[in-house]
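*Asks:* Got a structure for you, written out below as structure tokens; questions coming shortly.
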Amino acid sequence: MSNNNASSSLAVAYRAVKQLRLEASVRRIQVSQAATDLKNFCLQNAHKDPLLMGVPSGDNPFRPPKSCGLL
Amino acid sequence: MACQGLSKGETVSSLRAESENLKAKLEEERSKLHDVELHQVAEKVEALGQFVMKTRRTLKGHGNKVLCMDWCRDKRRIVSSSQDGKVIVWDAYTTNKEHAVTMPCTWVMACAYAPSGCAIACGGLDNKCSVYPLSLDKNENLSAKKKSVAMHTNYLSSCSFTNSDMQLLTSSGDGTCALWDVESGQLLQSFHGHSADVLSLNLAPSETGNTFVSGGCDKKANVWDMRSGQNIQSFETHESDINCVRYYPSGDAFATGSDDATCRLYDLRADREVAIYSKESIIFGASSVDFSLSGRLLFAGYNDYTINVWDVLKGTRVAILFGHENRVSTVRVSPDGTAFCSGSWDNTLRRWAGYSFRFVYCCIWTL
């Protein structure tokens, strides 16, 4: 019984170490570079973002169309 | 055997010591690259003006709390699921209900639209995820064609089709995520690593390959390789359950919403948290988050019934939206970014002709 517990704790501890070794080996870049890329993506795509810029009522299927005024 | 590869003399205590060392080293490596904050990089970016967003449509029909919703790729249909077991497919332009299914369980916590628009997936307390092909014939009983795909050993918290109708990704209260073949119901890959319920998952935008992120009650957000099942990155900075995870549109980062009343942004290439969206006045948990198309705005629904809109780059709040009368449980931006839909635990009682009706709303918002 105690043997089983011992080997499962060992397995759990080993898995944790293996996972951490993997995570430690990840290649990272500086936050300044990563943040600049995030910023540039936002700015480059801003004009296409309807919730940021709005679109003309005619193009927005959810906005009520302006009244026609034909009468 | 799990212990293959152990060096001679490794014991539980030596492994635990190495664990602690590795964690400290990880923190040190991440800190070395932490040379600036995101909002500092964004200092010169023009500030956003005042945001006025209005509810343009109200989808009324659920009898009890709306727990989840998803947009169809056609940008007009929506599937929503609720506590009373109902799953409804709506046309958001007209607010008409196109299909309705009654699940055999209550608390349908997860629902998703298939990429083709021809099927939906849903599940909850039944511990399963089932797929219903949508029929063009409105009178057809959808339950007749129901297919059980995923089987977990605890509740289903979230589901998503991958890039086709053929595979389904699920997360569960049993602490795992899993990838399933829809046709055969076969388990293709399982993802182990969370130490408590997994509450949310999100697939990376297709250009960036086969990964997804999950968040759960162990306060961790994990990034996974779908093919190998490997947990490739892990982030643990939240102080409570992570209720929702959502990728930034470029795929290089993801946002989280948590019971600790904050939303956070994690950059995958810097391998760390790069922004926190919080205010002292916000003390209720964030249940759901989603980005606008450019990633500049983060919409977050909270348990205090509000939706806060954050400037992702500057870290400031640009709007608070009031429109619900109970917790906001789900917030999703439409595929073309023109609107977002919010679902809530709203339980508005209306009386008519001697009967009492409870109406629960999904709201569609635009600028």
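*Asks:* Could you work out, residue by residue across B:260-273, how many beta carbons of other chains sit within 10 Å of that residue's beta carbon, and then give the average as an integer? Each step should come with its number before you reach the end.
*Replies:* On the way: counts 0, 0, 0, 0, 0, 2, 0, 8, 4, 10, 10, 7, 3, 1.
Mean partner shielding for this stretch: 3.
*Asks:* If you don't mind, there's one more thing I want to ask. For chain B, what is the relative contact order in percent, using Cα pairs closer than 8 Å and at least 6 residues apart in sequence?
*Replies:* On the way: 1000 pairs, mean separation 50.8, N = 367.
Reported as a whole number, the value is 14 percent.
*Asks:* Cross-link partners among lysines for B:K54, C-alpha distance below 26 Å, same-chain residues fewer than 8 apart left out?
*Replies:* Cα-Cα hits under 26 Å: A:K48, A:K66, B:K65, B:K75, B:K97, B:K279, B:K314.
*Asks:* Take every residue in peptide B:333-341, count the Cβ atoms of other chains within 10 Å of its Cβ, and give the average of those counts.
*Replies:* Details: counts 3, 4, 0, 4, 7, 10, 6, 1, 0.
Mean partner shielding for this stretch: 4.
*Asks:* Using just the helices of the protein assembly as shown, give the 222 nm mean residue ellipticity in deg cm²/dmol: DSSP H runs with n ≥ 4 each add -39,500 (n - 2.57), and the total is spread over all residues, rounded to 500.
*Replies:* Values: 5 runs with 67 residues, N = 438.
The helix contribution divided over the protein assembly as shown gives -5000 deg cm²/dmol.
*Asks:* Still on this structure, I have one more. Mind sorting B:C217, B:C122, B:C341 by how few other Cβ atoms lie within 10 Å of their own Cβ, fewest first?
*Replies:* Values: B:C217 19, B:C122 30, B:C341 24.
If I rank by nearby Cβ atoms, fewest first, I get B:C217, B:C341, B:C122.
*Asks:* Please give the helix B:12-32 orientation as an angle from the longest Cα principal axis of chain B, in degrees from 0 to 90, rounded to the nearest 10.
*Replies:* So the inclination is approximately 80 degrees.
*Asks:* Among the listed pairs B:K32/B:K220; B:K23/B:K220; A:K39/B:K25, give every one whose C-alpha distance is greater than 24 Å.
*Replies:* Details: B:K32/B:K220 22 Å; B:K23/B:K220 14 Å; A:K39/B:K25 29 Å.
Where the Cα-Cα span goes over 24 Å, the pairs concerned are A:K39/B:K25.
*Asks:* Which residue, chosen from B:A178, B:M166, B:H99, occupies the Cα position most advanced towards the positive end of the dipole of segment B:53-354, where the dipole is computed from +1 (Lys, Arg) and -1 (Asp, Glu) charges on Cβ about the Cα centre?
*Replies:* Comparing the listed Cα positions along the dipole, B:H99 ranks first.
*Asks:* Roughly how many debye, to the nearest 20, is the charge dipole of segment B:53-354 about its Cα centre, given +1 on each Lys and Arg Cβ, -1 on each Asp and Glu Cβ, and no other charges? Mind showing how you got there, number by number?
*Replies:* On the way: 31 positive and 32 negative charges, 213 e Å.
Around 1020 debye, computed over segment B:53-354.
*Asks:* Can I ask one more? With contacts defined as alpha carbon pairs under 8 Å and 6 or more residues apart, what's the relative contact order of segment B:125-205 in percent? Numbers along the way, then the final one.
*Replies:* Details: 171 pairs, mean separation 20.0, N = 81.
Over segment B:125-205, the number comes to 25 percent.
*Asks:* List the residues, sorted by chain then number, that are 5 or more residues from B:R296 or on another chain and whose placed amide H is less than 5 Å from its amide H.
*Replies:* Here the answer is none, since no amide H 5 or more places off falls under 5 Å of that of B:R296.
*Asks:* Cross-link partners among aspartates and glutamates for A:K18, C-alpha distance below 14 Å, same-chain residues fewer than 8 apart left out?
*Replies:* B:E10, B:E18, B:E20
*Asks:* Still on this model: Please give the peptides B:175-183, B:88-96, A:6-14, B:330-338 ranked by average Cβ packing (other Cβ atoms within 10 Å per residue), highest first, as a rough proxy for protection. Spell out each step's value before the answer.
*Replies:* Working: B:175-183: 20.2, B:88-96: 17.4, A:6-14: 15.7, B:330-338: 22.0.
Highest to lowest by the protection proxy: B:330-338, B:175-183, B:88-96, A:6-14.
*Asks:* Just order B:61-68, A:54-61 by mean Cβ neighbour count inside 10 Å, highest at the front, would you?
*Replies:* Numbers: B:61-68: 21.6, A:54-61: 13.4.
Most protected by this proxy first, the peptides run B:61-68, A:54-61.
*Asks:* Inside 10 Å of the C-beta atoms of A:53-63, what's the mean count of C-beta atoms belonging to other chains?
*Replies:* Taking all residues of A:53-63 together, the mean is 5.
Every number here is computed from the coordinates shown, using simple stated rules; none is lab data. The model shown is predicted, which means the values in this text are computed figures rather than measured ones. We place every Cβ from the backbone using ideal geometry, glycine too, and count neighbours over all the protein chains shown.
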